[in-house]
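To keep things clear, I will list the structure first and then write my remarks on it.
The values are calculated or read from the model by the stated rules, or taken from the named source; none is laboratory data. The shown structure was predicted, so the numbers you read here are calculated from the model rather than taken from an experiment. A quick note on method: Cβ atoms are made from the backbone with ideal geometry, for glycine too, and the neighbour counts reach across all protein chains shown. Surface accessibility is based on the protein's heavy atoms, side chains included, excluding ligands, DNA and RNA. Shrake-Rupley method; radii C 1.70, N 1.55, O 1.52, S 1.80 Å.
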Amino acid sequence: WTSASGMLDLGTLGGMNSGASAMSRDGSVVAGSSQISGDSAWHAFRWTSATGMQDLGTLGGSNSYVSLLSTDGAVVVGGSEFPGNQASHAFRWTYVTGMQDLGTLGGSMSSSVDLSSDGSVVVGDSYLADNKTRHAFRWTLATGIQDLGTLGGSHSNARALSRDGHVVVGYSNLSGGGGHAFRWTSTTGMQDLGTLGGSFSDATHVSSDDPPP
């Protein structure tokens, strides 16, 4: 919707339903998921006024979905099922590379939760090899998927990434119980942000002006 055009129908990928879940900063690129023709499956899409609704495909399974777009709309991140629909991996899509599998930390599933403004850094969570324990991860093309560890417990979750991609915040449980918010950089590792006197805290947002480490 814009004030000039009113509500514009973005269409579908051939099915009955579609839904938008992400948008570029200037509103010219929209992404989401749509049912595909003759099937109950949903595929991730990217839409512009020039291209219309573009099917981003899957990693081999039936369904894929969009989580976020980079500021300019050139990079899409989300998740996709594999053949047999037994697992879902985080993906990163660009026009040049298509849908890239970001992998896991040894388990069967991973999911993306945030990305840097230029789309070069992705953060999320992944199961470890036991398929029970989840750790926060940070991904770049150079490093691949990187385990950010924990604050002593078994689990951690990424919640947000600074716009420059250098700072990750989220939550981790502790070895003795409870859980604390954390801030991570490549220089400091995972820092415990503490609490206000209780046993639990969680970081869900981070400023965009954190300097590089």
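For Thr94 and Trp1 in the same chain, what is the full-extension length gain: residue separation times 0.36 nm, less their Cα-Cα distance, in nm?
Between Thr94 and Trp1, full extension yields 31.0 nm more.
With unit charges on the beta carbons (Lys and Arg positive, Asp and Glu negative) and the dipole taken about the Cα centre of the stretch 30-185, which residue among Gln146, Gly60, Phe82 sits farthest to the positive side?
Final value for the positive-end residue is Gln146.
Quick check: residue separation of Asp192 and Asp164 times 0.36 nm, minus the Cα distance between them. What number comes out in nm?
Value of the extension gain: 7.9 nm.
Is the stretch 37-131 best put as rounded, prolate or oblate by its Cα gyration tensor, with a ≥ b ≥ c the root eigenvalues, rounded for a/c under 1.5, and otherwise prolate when a/b is larger than b/c, oblate when not?
Taking the square roots of the gyration eigenvalues as a ≥ b ≥ c, the stretch 37-131 is oblate.
Based on DSSP, what percent of beta bridges with both residues in the stretch 90-175 are antiparallel, to the nearest 5?
Taking every DSSP beta bridge within the stretch 90-175, about 95 percent pair in antiparallel fashion.
With contacts defined as alpha carbon pairs under 8 Å and 6 or more residues apart, what's the relative contact order of the stretch 1-74 in percent?
30
Would you mind classifying the chain by shape? Square roots of the alpha carbon gyration tensor eigenvalues, ordered a ≥ b ≥ c; an a/c under 1.5 is rounded, otherwise it is prolate if a/b is larger than b/c and oblate if not.
Because a/c hits 1.5 or more and a/b exceeds b/c, the chain counts as prolate.
How large, in percent, is the carbon and sulfur part of the accessible surface of the stretch 72-193 at a probe radius of 1.4 Å?
Answer for the stretch 72-193 is 50 percent, counting heavy atoms of protein chains only.
Rounded, prolate or oblate for the stretch 1-43? Axes are the square roots of the Cα gyration tensor eigenvalues, ordered a ≥ b ≥ c, and the cut-off for rounded is a/c under 1.5.
Oblate shape, in that a/c is at least 1.5 and b/c is the bigger or equal ratio.
May I ask you to order 146-154, 60-68 by the average number of other C-beta atoms within 10 Å around their residues, highest value first?
60-68, 146-154
If you put +1 on each Lys and Arg Cβ and -1 on each Asp and Glu Cβ, how big is the dipole of the chain around its Cα centre, in Debye rounded to 20?
160
Figure the gain on full extension for Asn131 and Asp147 (residue separation times 0.36 nm, minus the Cα-Cα span) and round it to one decimal in nm.
4.3 nm
Report in % the part of the accessible area of the stretch 1-51 that belongs to carbon and sulfur, leaving out ligands and nucleic acids; probe 1.4 Å.
Reported share for carbon and sulfur atoms: 53 percent.
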